[in-house]
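Reviewing the structure listed below.
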Amino acid sequence: MEANIHRLRKPRIIILNVPEDINTNNIEDAIIKQNLDLNMTKGSMIAKFTYVTKRKYRNAVVEVGPDVTKNLLHRKIKLGWQICRTDDYITATRCFKFSKFNHRTMECKGKITCPLCAGAHIIKECKSNPTTYKCINCVVYNRHNPTKTISVAHSALDKECPSLKVILERNRLNTEY
């Protein structure tokens, strides 16, 4: 048996509306050169990935230390010819087969569950209307906590889901700020 000390993970920052010519290889250099007021040094951030949203905006996610987080979080930075907003990047790992948190579909051993109505079918086959949606995560929470029940009248994909908020808060508490 081996005992390990729990380490908090490094914070991740999302940079919104990144220009096309900025990528994971040159984002750190561009931020350091164009934002001298941040007092950042080479190696203080690790570019993780970039992605394009449905509305065709490019966003970049970088991993930084707690001291750099305080400088970057909720402020505007210069990148190329644009001013980009920054925000905290906290996500929940979700299985889209079983509609539950903290594991991925490849690792899932559960049965197929619809994220809309909690039925035993895939989302494409769901015929329920929004008034009959049921969150499988909140149903399980209520089963394990009968004294403190929460509403289940929403889908498992709802951004206002109480179970999702708990997972995001737990991830926030496990991040070193």
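The values are calculated or read from the model by the stated rules, or taken from the named source; none is laboratory data. None of the values given here were measured: they were computed from a predicted structure. All Cβ positions, glycine included, derive from the backbone under ideal geometry; neighbour counts span all protein chains shown.
Out of ASN129, ASN137, I need the residue that is in contact with a strand residue (DSSP E or B) (Cβ under 8 Å, 6 or more places away or on another chain) and at pLDDT 90 or above. Which one? Give the derivation first.
Values: ASN129 fails: in contact with a strand residue (DSSP E or B) (Cβ under 8 Å, 6 or more places away or on another chain).
Of ASN129, ASN137, the one residue that is in contact with a strand residue (DSSP E or B) (Cβ under 8 Å, 6 or more places away or on another chain) and at pLDDT 90 or above is ASN137.
Does any residue of segment 156-167 turn out to be under 19 Å from the mean Cα position of the chain (by Cα), of a type in the set (Lys, Arg) and under 30 Å from ALA30 (Cα atoms)?
no
Any idea which of LYS111, LYS124 is in a loop (DSSP other than H, G, I, E, B), more than 30 Å from LEU16 (Cα to Cα) and outside the structural domain of ASN39 (by TED's automatic domain parsing)? I'd like the intermediate steps shown before the answer.
Numbers: LYS124 fails: in a loop (DSSP other than H, G, I, E, B).
Criteria check complete, one pass: LYS111.
Looking at LYS48, LYS33, LYS42, which one is out of contact with any strand residue (DSSP E or B) (no Cβ under 6 Å at 6 or more places or on another chain), outside any helix (DSSP H, G or I) and of a type in the set (Lys, Arg)? Walk me through how you get there before you give the answer.
On the way: LYS48 fails: out of contact with any strand residue (DSSP E or B) (no Cβ under 6 Å at 6 or more places or on another chain); LYS33 fails: outside any helix (DSSP H, G or I).
Selected residue: LYS42, the only one of LYS48, LYS33, LYS42 that is out of contact with any strand residue (DSSP E or B) (no Cβ under 6 Å at 6 or more places or on another chain), outside any helix (DSSP H, G or I) and of a type in the set (Lys, Arg).
Check off (1) over 18 Å from LYS159 (Cβ atoms); (2) hydrophobic (A, V, I, L, M, F, W, C); (3) free of Cβ contacts under 8 Å to residues at least 24 places away in the same chain for CYS95 and give me the number that stays unchecked.
Single failed check for CYS95: (1).
Kindly establish whether THR91 is in a loop (DSSP other than H, G, I, E, B), polar (S, T, N, Q) and either modelled with pLDDT under 90 or in contact with a strand residue (DSSP E or B) (Cβ under 9 Å, 6 or more places away or on another chain) (or both). Steps first, please.
Details: in a loop (DSSP other than H, G, I, E, B): yes; polar (S, T, N, Q): yes; either modelled with pLDDT under 90 or in contact with a strand residue (DSSP E or B) (Cβ under 9 Å, 6 or more places away or on another chain) (or both): yes.
The answer is yes for THR91.
From the list LEU168, LEU116, which one is closer than 30 Å to GLY65 by Cβ, outside the structural domain of VAL18 (by TED's automatic domain parsing) and either in contact with a Ser or Thr (Cβ under 9 Å, 6 or more places away or on another chain) or not polar (S, T, N, Q) (or both)?
Working: LEU116 fails: closer than 30 Å to GLY65 by Cβ.
The match here is LEU168.
With the condition kept exactly as written, say whether any residue in segment 77-87 is closer than 13 Å to ALA30 by Cβ and not in a strand (DSSP E or B).
Within segment 77-87, one or more residues are closer than 13 Å to ALA30 by Cβ and not in a strand (DSSP E or B).
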